[in-house]
Amino acid sequence: MVKNKKLLVLGGTSASLDVVRIAKDLGVYTIVTDDRPTGVSKDEADEAYMISTTDMDGLLKLIKQRSIDGVFCGPSEFNILNTMRLCKLAGLPFYFTPNQWEICQNKASFKSLCKKYGVPCVPDYSVEGDVEKADLSQLEYPVIVKPVDSSGSRGITVCYSEYEVRKAYIHALSYSKSKRVIIEKYIENNGEGLSVWYIVCNGEASLSLTGDKYVIDPVHKTALTSAVTIYPSKYTE
């Protein structure tokens, strides 16, 4: 039973609002914190604090003082990572492991897992050693060059020549914490993509949501992040 349990929610913005509302509907006592004095999720929570979601010492102290039973957050990569770290330090359960996080946020690791289980993937190319001297003759253009561990189109470039690839590779390296870059065949799609979400529970995958994603700059390809997503996808049967 979760009634009367205490839940610490990291992040006071709208990203955490549904978490707070659903938890309260279930009878859970909600406590929200981040480094901002106000926020919509803080307004609806039973308690609110101004402790940064990166302040592990401060959060651990709060967990002990308020006898908190669990920690969660909304759909924020930044706070998901903080929540995972905090739960590990506090000895509280969380819904994924550091290894699973690595696979999800590292493009090369995720692609390797997909290949292992026969999931179709966009072709990629291996570049060994110094990119300035590397043989790039095997590349079929256009290609997309990106850091394996960045997000939001940071460090990503669509290339149509060897010169552009060499320049883009160095650019991508500057955005990679692990200093790793992946080069893939770029699929022209007029700035439109299909997004599919699944929920996996006890080894069973269930389709949750589909959407058509339209990127910010499909012409010059300087920003390939989503400008708008329409739900459900027009391809949903």
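The values are calculated or read from the model by the stated rules, or taken from the named source; none is laboratory data. Small disclaimer: the values here were computed from a predicted structure and weren't measured. Cβ placement follows ideal geometry from the backbone for every residue including glycine, while neighbour counts extend to all protein chains displayed.
Results for (1) at pLDDT 85 or above; (2) under 29 Å from residue 126 (Cα atoms); (3) surrounded by 14 or more Cβ atoms within 10 Å (Cβ to Cβ), shown as yes or no for each residue.
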| site | (1), (2), (3) |
| --- | --- |
| 166 | yes, yes, yes |
| 191 | no, yes, yes |
| 197 | yes, no, no |
| 202 | yes, no, no |
| 231 | yes, no, no |
| 236 | yes, no, no |
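Among the residues of segment 7-21, what is the count of those that are under 12 Å from residue 51 (Cβ atoms) and under 17 Å from the mean Cα position of the chain (by Cα)?
2
Yes/no matrix, rows are residues, columns are (1) touching a His at 6+ places or on another chain (Cβ under 8 Å); (2) outside the structural domain of residue 132 (by TED's automatic domain parsing); (3) in a strand (DSSP E or B); (4) within 19 Å of residue 110 (Cβ to Cβ):
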site	(1), (2), (3), (4)
170	no, no, no, no
175	no, no, no, yes
178	no, no, no, yes
196	no, yes, yes, yes
200	no, yes, yes, yes
205	no, yes, yes, yes
208	no, yes, yes, yes
211	no, yes, yes, no
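Within segment 106-126, is even one residue closer than 27 Å to residue 170 by Cβ, under 13 Å from the mean Cα position of the chain (by Cα) and touching a residue at least 12 places away in the same chain (Cβ under 8 Å)?
Scanning segment 106-126 turns up at least one residue that is closer than 27 Å to residue 170 by Cβ, under 13 Å from the mean Cα position of the chain (by Cα) and touching a residue at least 12 places away in the same chain (Cβ under 8 Å).
Please pick out the residue among 34, 69, 57 that is modelled with pLDDT of 95 or more and exposed (fewer than 14 other Cβ atoms within 10 Å of the Cβ).
Selected residue: 57, the only one of 34, 69, 57 that is modelled with pLDDT of 95 or more and exposed (fewer than 14 other Cβ atoms within 10 Å of the Cβ).
Within segment 150-161, identify whether any single residue is assigned to a strand (DSSP E or B), within 20 Å of the chain's Cα centre (by Cα) and of a type in the set (A, V, I, L, M), and answer yes or no.
No - not one qualifying residue is present in segment 150-161.
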